[in-house]
Amino acid sequence: MANNTLRVGWIGMGRMGYAMAERLVKSGHDVSIWNRTRSKAEPLAKLGGKVVDRPSDLGGVDVLFSIVSTGKDLEEVYFGPNGAVTGSAVPSVLVDCSTIAVDASAAIRAKLADRGADFVACPVSGNAKVIKAGKLSAVASGPEAAFRKVEDVIRVVAPHGVSYVGDGELARVCKIAHNVLLGVVIENLIEITLLVNKLGVPRHAFLAFLNNSVMGSTFTAYKSPALVNLDWTTTFTPELMRKDLDLGLELGREQDVPMPVTAAAREMLQAHFGAAMLKSDPDAYLEKDFAALMETMALLSGMTLKPENVAVPTGLEH
C-alpha cells in the first residue's frame, strides 16, 4: 500500500504533470499543487487537490514533485522569487520527473543540499495516455534512503515499475538514453512505413504486422494510430525531441562513445524544422507531435500522404 500519510506537493501541470498529479489525488493523497497558469490546476481542486498561489507555499510538504520543460525552469521554480525552497520551511525530499541535462541536475542537487534537502532525480517514460492506462514507468537516482522514503508515492504515479539505478544523476543519464532511442525508433519506424507504403502496402496493415511481431513494442503500438491517420495531436514536441537528442550526443562526445545512428536521426529531425517553413503557420506546426516528422520524410520521398481513416488499437485500451 502507498504511504498516504506524506504531504505531497506538485509543480507542473503540463500534458504529463496533470495526469500524474491526478493519479495521486485520486489515490487519496494530500496533494498541494502550484502551476504558473493556475487555471490548469483548478480541475484537480474539484477532486480534492489544493491549489496554492506560489511555489513557496509548498515549503511545508514532506515530498515535492516537479515536472517542467528545462533545467532553467526547474531552477526558477525552486530558487527564483517565491521559489519552493526559498522560505523558512523546505521539503525534506524533492523528486524531479523532468528530462534535464546532467550538469544542470547536479548543480540543483548541490544547492538543495545546502538547504538540507535531498534530491531524487526521477524521470518517467510514457505520455498522458500511458499514465491514464496505468503503464507509466520511472527511473530514479539520488540518496537511496530518500528514494525509499518516497518510493511508494512514486509507484502510485508510475505503477508499471520504478528502477533505482544509484546515486547522483544516473537516472538523468538513463532518461536521456531512453529518449535517444525514442528519436531513433520513430525516425526508423517512419522510414520503413513509408517504404512499404510507397510499394503499395497500407500503413495500417504493415503496422498491425509489425506490432504483432517480436519487433513490436508499447511505443510502436501507441504511435501507430498517428502514423496511419496522420493525427499529430501533441504528446511530445519536435523541439523537446531535438533537445534530448542533443543531450545524448553531448554525453556521447564527453564519454568518447560514437553515436552515428543518433546523429543521423537528429539531422533528419532538423530537416523537419526547415520543412515547417512551408506551412502557413510554422510555429503552430512545430507545436504538433514529433511524429509529424512523417510528413517531412514523405516530402523527401516524393510522397503525398492521406489519412487511411482506419481504427487502429493503441495497445493501451483497458
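Overview of values
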{"read-out": "Among the candidates 222, 164, residue that is in contact with a Phe, Trp or Tyr (Cβ under 6 Å, 6 or more places away or on another chain), buried (at least 19 other Cβ atoms within 10 Å of the Cβ), farther than 22 Å from residue 264 by Cβ and hydroxyl-bearing (Ser, Thr, Tyr)", "value": "164"}
{"read-out": "Breaking point among (1) open to solvent by 40 Å² or more (accessible area, probe 1.4 Å); (2) in contact with a helix residue (DSSP H, G or I) (Cβ under 9 Å, 6 or more places away or on another chain), for residue 174", "value": "(2)"}
{"read-out": "Qualifying residue in the range 306-313 (condition: more than 19 Å from residue 69 (Cβ to Cβ), basic (Lys, Arg), without any contact (Cβ under 8 Å) to a residue 12 or more places away in the chain and surrounded by fewer than 19 Cβ atoms within 10 Å (Cβ to Cβ))", "value": "no"}
{"read-out": "Pairs, first at positive phi in the range 30-52, second part of a helix (DSSP H, G or I) and open to solvent by less than 80 Å² (accessible area, probe 1.4 Å), C-beta under 9 Å, six or more apart", "value": "48/25"}
{"read-out": "Count of the range 74-100 residues which are under 15 Å from the mean Cα position of the chain (by Cα) and either among the β-branched types (Val, Ile, Thr) or open to solvent by 30 Å² or more (accessible area, probe 1.4 Å) (or both)", "value": "3"}
{"read-out": "Residue list for the range 280-297, filter: within 13 Å of residue 269 (Cα to Cα) and out of contact with any Pro (no Cβ under 9 Å at 6 or more places or on another chain)", "value": "291, 294, 295, 296, 297"}
{"read-out": "Failed item in (1) open to solvent by 10 Å² or more (accessible area, probe 1.4 Å); (2) farther than 27 Å from residue 250 by Cβ, with residue 157 passing the rest", "value": "(1)"}
{"read-out": "Residue check, residue 11 under 22 Å from residue 138 (Cβ atoms), in contact with a Pro (Cβ under 7 Å, 6 or more places away or on another chain) and buried (at least 23 other Cβ atoms within 10 Å of the Cβ)", "value": "yes"}
{"read-out": "Residue match in the range 76-86 (condition: touching a His at 6+ places or on another chain (Cβ under 7 Å), modelled with pLDDT of 95 or more and not aromatic (Phe, Trp, Tyr))", "value": "no"}
{"read-out": "Inter-residue pairs, beta-carbon under 9 Å, first closer than 18 Å to residue 120 by Cα and in the range 71-84, second assigned to a loop (DSSP other than H, G, I, E, B) and among the hydroxyl-bearing types (Ser, Thr, Tyr), 6+ apart", "value": "71/98; 73/98; 74/98; 78/86; 79/86"}
{"read-out": "Among residues of the range 127-150, those that are open to solvent by 30 Å² or more (accessible area, probe 1.4 Å) and of a type outside the set (A, V, I, L, M, F, W, C), counted", "value": "8"}
{"read-out": "Every residue from the range 15-38 that is open to solvent by 40 Å² or more (accessible area, probe 1.4 Å) and among the small types (Gly, Ala, Ser)", "value": "27, 28"}
{"read-out": "Subset tally (residues that are more than 15 Å from the chain's Cα centre (by Cα), farther than 20 Å from residue 155 by Cβ and not in a strand (DSSP E or B)) for the range 9-38", "value": "4"}
{"read-out": "Subset of the range 39-52 [open to solvent by 60 Å² or more (accessible area, probe 1.4 Å) and farther than 21 Å from residue 150 by Cβ]", "value": "39, 40, 42, 46, 47"}
{"read-out": "Single match in 121, 110, 117 (criterion: open to solvent by 20 Å² or more (accessible area, probe 1.4 Å) and either of a type in the set (A, V, I, L, M, F, W, C) or within 30 Å of residue 289 (Cα to Cα) (or both))", "value": "110"}
{"read-out": "Given (1) open to solvent by 90 Å² or more (accessible area, probe 1.4 Å); (2) touching a residue at least 40 places away in the same chain (Cβ under 8 Å), number of the condition residue 299 does not satisfy", "value": "(2)"}
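So that you can scan it fast, the table gives a plain yes or no per residue for (1) buried (at least 19 other Cβ atoms within 10 Å of the Cβ); (2) within 21 Å of residue 125 (Cβ to Cβ):
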site	(1), (2)
185	no, yes
190	yes, yes
195	no, no
198	no, no
216	no, yes
233	no, yes
239	no, yes
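The values are calculated or read from the model by the stated rules, or taken from the named source; none is laboratory data. Computed from a prediction, not measured in an experiment: that's the story for all the values here. So basically every Cβ, Gly included, is an ideal-geometry build from the backbone, and we count neighbours across all protein chains shown. SASA here: full protein model, heavy atoms, side chains in, ligands and nucleic acids out. Shrake-Rupley method; radii C 1.70, N 1.55, O 1.52, S 1.80 Å.
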